[in-house]
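Trainee: Right, I'll just put the structure down here and ask away after.
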Amino acid sequence: MVVTIARLFTVIASMALLSCAPLGSGYVLSGTVTEGGAPVSGVTVSLEGSGATPATTGADGTYELFPAPYGSWQVVARKAGMVFVPRHGDPAREGSTVFLGSSHGTVLDFLAADAGSVTIPMLQGRGFESPLEGQEVRNVVGVVTRVTRKTPHAIYETVLTDGSTTPQWVGDDGFFMEAFGSGKDGDPLTSDGVFVYAHNDAYVDSKWLDSVPSDLAPGDVVSVSGIVRENRPKDRFNNSEGYLTFTRIERPTVFRVTEAGVPVTRTTSFPAGVLLTYDDTPTLPAGVTEYRVLPWQTAGLMALRDAELVMESVEGMVVRVNDPLVSSCTYYNVTGILADSGRKDGVDNANLNAAWKAIVLQDPDVAGMDFNPELLFCDYQSPDWATFDPIPQVGDRLVDSDNATVLRGVMEYTFDALYVIKPLQFTVEPTNGATVIPSQGWNFTAAITTPNMKDLSTANRTTIRNWRIGSSADARFRAPSTWGPTPEAGYIKVASFNIENFEGQGKPYAKDVDIADVIVGNLRCPDVVVVIEMGDDVGSTIVYENQDNSYAIPDGVVTSVLNFRAIIAAIKSASGLDYDFRCIDPEENRDGGEPGTNIRVGFLFRTDTLSFVDRGLPTNHLTNTAGTADTWPVTFPSPLASALATTATAIVRDPVDGSPALSQSPGRIIGSAFSGSTRKPLVGEFVHNTTNKKFFVVAAHLGSKTGDTPLYGEQQPPVFGSDSRRADQGRAIASFVQTLLAADPGAKVVVGGDMNDFPWADSMDALTGISSGDQVLFSPSERYMPANERWTYAFRGNLQQIDHIFASSGLMLGGDAAALLDWTRAVFIAHIDAPFSKNNHIQTSDHDAIIARFKIGD
C-alpha cells in the first residue's frame, strides 16, 4: 500500500491543582504535553475566543497560561504536523473544554501524536465527541462502506415570499469509511467508523469537492486527510437544540489506496458488521467478529443513556441486526425495529403487544419509564427521498437481497435526533473473505399486515383500505357489533378522533369519505364524536412552508362549515343516519397548529339519539340553514365571530329546571392557560332523547410537545419542558368540571380529545383532579383496558396513548359492571392508523380513534 498505519500513541495523564497566582488576579491553566512519555516543546496552547495570551510549552513539555478569564473555554493545542488528545484527571471526562472558576488553578494535559499516525478509533475516542475535534489529521485509512449524496426532499419544499419554491436539502455529500486490520484498536467503546464530508459548500445543491473522487463506491479503500469536526444535525425545521453531535472529517483530501499501482477495492476488508443483539453471549454469524449487547427491559432515568452509549460505540460502522421486527410505523423516514424478533432467551419483551408485534409505552409505576431503549431505528426511505412503495408496517420483518431476515447498514446520528441504521445499498456487492455482502434492498416480509401491502395494484390498494377501514374491515379494527348503529337502550357512546389537519376542499382524494367510513364502519356510529384538528374551508397561502418560521397569509376564511358538511354527507351516504355539528371557529392564525389551517375542536353528533342545547350566541350548524354557503350566521370578519371566539362560557342555572347549564353552548374555555397560539377547549350541552338525561362534553386539544429535549439527546434524562404548559391547561379544564360538579355532584360529564400526553403524565393528573386531591374525572381505558392495548399514536418507535376519554363519576359509576371482566364492553381503540405508515392511501390520520360506552339511563 502507499499508505501505512503508524504507531499508536501511549496514554499518559496527570493532574494537579495549582495556585501559583494571587487570588483575584485571574485563573491559571497549566499542564504537560507528552508523546510516548517524552515531553513535547513548542506547542502553543490557547483558550479559544477568550482573548487570553496563548502559552507555549518549554523543553520540559509544560505550559502555564495566566491570567485566564472566568468561564468555560475550549483549550486548543497546536504544533505543525501533530495532533493533541486532552487528558483530564478524571478518566470519565473527555474533550478539551475546561471550566475556570471552581478553583484558582486548573490542569489539562495533552497526549501528542503525529498527525499521520491517527486511526479512525483514535479520532472517534470513547466519548460522544472526538478528542481531536478541530485538529488536522493525515492519511487516515479505511474502506468505504456507504456513499451518500445531498438530495432535495421530494415532499417538503419551502414556499418563499415571492411564491417560488426551494427544496429542503437532506443527506450530505460524502461517504462512510471503516477501519480494518491494524487500523482497529479492539476497544468495544471506540467506534471504527467515521463519515467524510465531501460537499463543496460554495454550492447549494449536490457538489463534491474536487479533492474527493466523485466515483467512490462501497469497497474502495481510501486515505483521507482533513479536519476533525463535530457536526450537530438539524431537522427539517432547522432545529438542533439538545442534539448530540456526529463526528466527521471535513475539508478532506481523498486518495485511493493502491498496491502495485492498482486500487485496492472490494477486498476482504469490507466489514461484515457488528451484531446488535439482546443476547449476552450470542452465536456470531459467519464473518462477524464483534457484537454489542443492547439494553433489555432497562428501567430508570438513565436508560436511554445506556442505549446512546451502545449506539455511539458503533457510530459510522456497519452493523447487523438479525430477525429485525418492525415495531412501529414509518414516521417520515424512520422505522422503529427490534432486534432478535423482540425476544431474549426465547421470551418476548414485556412491553411487546404479542398480537400486533408492537412495543407499547408503559406506565412507569408498572414497567419503569424508559421509552424502551431496546428500540433500534432504520432509515427505510428510498435513496432519492421520494416516499417509496411499500413502506414497512408494524409486524413486518425486514429482509436483505438474499431474502434473509437480516438488516445491514451504517449507524448514523441524524437530523431526527436519533441513531439511525442507513441500509447498505450496492450496485456491485462486495465480499468479506468468501462471503458476499448482500444489499439490503427495500424489501420486507409481511407478518400481520395482510392483505399484501407490497402489491401496489389499484385493486389491492382498495383491498388494503377495506381491510382496515369501513363496514367490511377485519374485526380487530371495529368496535363491538352491539355498539351500533342501532341505538343501545340506556347507553351513549362518545368517541374522540383526530382527523389530522382536515381541509376537504381541493384535496387529492376523498378524505371526508375515509373519515365517514371510520365513524360508521369502525366506530359504529357513535352518539358524539369529539373532532380534533378540523381545519377551515379554504386553504391558505403558506410562506416558508415546512420551516419553523412559516406563516399563513390571512384570507379572512376561518369557518369550517363546508368541511363538517362534507363529512356529514358522507356519513349519511354510508349509514343513512343524520348527524349535525357544533364548533366555534377560532380567530384567524391565533390558535396554533399547521399554519393557515386554523385547526379547532368540534362535535359531530347523531340527531336521532341526541339533542344539542343551543344557548347564548348563535353558531353555525346544519339545522339553521338551507345549505348554501352564504346563509351561515357566523361569517368572518364579524362582531359575532369575534365574540364567540373570545368569550368564555360559564356555569349557570337552567331557567326551566334549575339544573347546571352553560351560559354559552357551545362555548369555549378561555383563560391564561390557553393564551397565545393554543387551541381553546369547547364545551357542549346535550340531552339524550330517550331518557331525557342531560350531559356535557368537553372537547380538548392540549399544547404540543414543543420545548421538550430529544429522547436521544445531550440531556439525559430528557427534559419535557412542555409538561408544565399542558398541566396548566389540564387544571383549567378540571376547574371547569369541578365548578359544574359543585352545582350538581351527579352531573354527567365527558372530556375527550388529543391531550398530547401519556395517561400517567402530570397534565393528566391535573386534568382528572388527581394532583389536587379532588379527582373528578376517570379514564375508562385506564380502568378497563390491558396496558399493552392502550395506544393511539406512534412516535420514535413507541406506540403510546395520547388521545383520551375521561368521564365523571356520574357516568363511570353507572357503567356496565361486566366491563370489569370484559374490557371490550367499555372502551375500544380503532388501531387503524398508528401502526400503519402513510403510503398506498391507507392512513386516514396519524392518530387512532378512541370510543367509550357509558350508561346514561336508570
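Trainee: Among bridges DSSP assigns within the chain, what percent are antiparallel (round to 5)?
Mentor: About 85 percent, rounded to the nearest 5.
Trainee: Now, a different point. Please list, in chain and number order, the residues 5+ apart from residue 792 or on another chain whose amide H is under 5 Å from its amide H, with Hs placed from the backbone.
Mentor: 800, 801, 802, 803
Trainee: Could you work out what % of the accessible surface of the chain is carbon and sulfur, using a 1.4 angstrom probe and leaving DNA, RNA and ligands out of the count?
Mentor: After summing per-atom areas, the C and S share lands at 52 percent.
Trainee: Taking the Cα atoms only, what angle lies between the long axis of helix 303-312 and the longest principal axis of the chain, rounded to 10 degrees?
Mentor: Compared with the principal axis, the helix lies near 40 degrees.
Trainee: Non-local amide H neighbours of residue 541 (under 5 Å, H modeled in plane, Pro and chain starts lacking H): which ones?
Mentor: 553
Trainee: For the chain, what does the relative contact order come out to in percent, with C-alpha contacts under 8 Å and a separation of six or more?
Mentor: With pairs under 8 Å counted, the relative contact order is 9 percent.
Trainee: Near the amide H of residue 65, under 5 Å away, which other amide H atoms are found, from residues 5 or more places off or on another chain, if H is placed in the peptide plane?
Mentor: Hits under the 5 Å cutoff: 29, 30.
Trainee: Right, something else. Could you go through the range 636-645 in sequence order and give the Karplus-derived ³J(HN,Hα) for each residue, using 6.51 cos²θ - 1.76 cosθ + 1.60 with θ = phi - 60°, rounded to whole Hz, and x for Gly and Pro?
Mentor: Karplus-based 3J(HN,Hα) across the range 636-645 equals 10, x, 7, x, 5, 4, 5, 5, 5, 6 Hz.
Trainee: Determine the dipole magnitude for the chain: charges of +1 sit on the beta-carbon of Lys and Arg, -1 on that of Asp and Glu, nothing else is charged, the reference point is the Cα centre, and the result goes in debye to the nearest 20.
Mentor: For the chain, the charge dipole is close to 840 debye.
Trainee: Quick check on my link table: of 344/705; 680/748; 511/680; 207/234, which ones sit more than 27 Å apart, alpha carbon to alpha carbon?
Mentor: 344/705
Trainee: Let me ask something additional. Rank by packing, highest mean first: peptides 333-342, 121-130, with packing defined as the count of other Cβ atoms within 10 Å averaged across residues.
Mentor: The most tightly packed comes first, giving 333-342, 121-130.
Trainee: Given the -39500 (n - 2.57) contribution per DSSP H run of 4+ residues, what per-residue ellipticity at 222 nm results for the chain, rounded to the nearest 500 deg cm²/dmol?
Mentor: -3000 deg cm²/dmol
Trainee: May I pose another question? Per residue of the range 582-593, what does 6.51 cos²θ - 1.76 cosθ + 1.60 with θ = phi - 60° give for ³J(HN,Hα)? Whole Hz please, x for Gly and Pro, Karplus curve as stated.
Mentor: 9, 7, 10, 6, x, 5, 4, 6, 10, 10, x, x
Trainee: Using a cut-off of 19 Å between alpha-carbon atoms, which aspartates and glutamates can reach residue 79, once sequence neighbours fewer than 8 places away in the same chain are excluded?
Mentor: 35, 48, 60, 64, 109, 114, 133, 136
The values are calculated or read from the model by the stated rules, or taken from the named source; none is laboratory data. Remember, predicted model here, so these are calculated numbers, not experimental data. Reconstructed Cβ throughout: ideal geometry from the backbone, glycine too, with neighbour counts over all protein chains shown. Heads up: the accessible areas ignore ligands, DNA and RNA and are worked out on the full protein's heavy atoms, side chains in. Shrake-Rupley method; radii C 1.70, N 1.55, O 1.52, S 1.80 Å.
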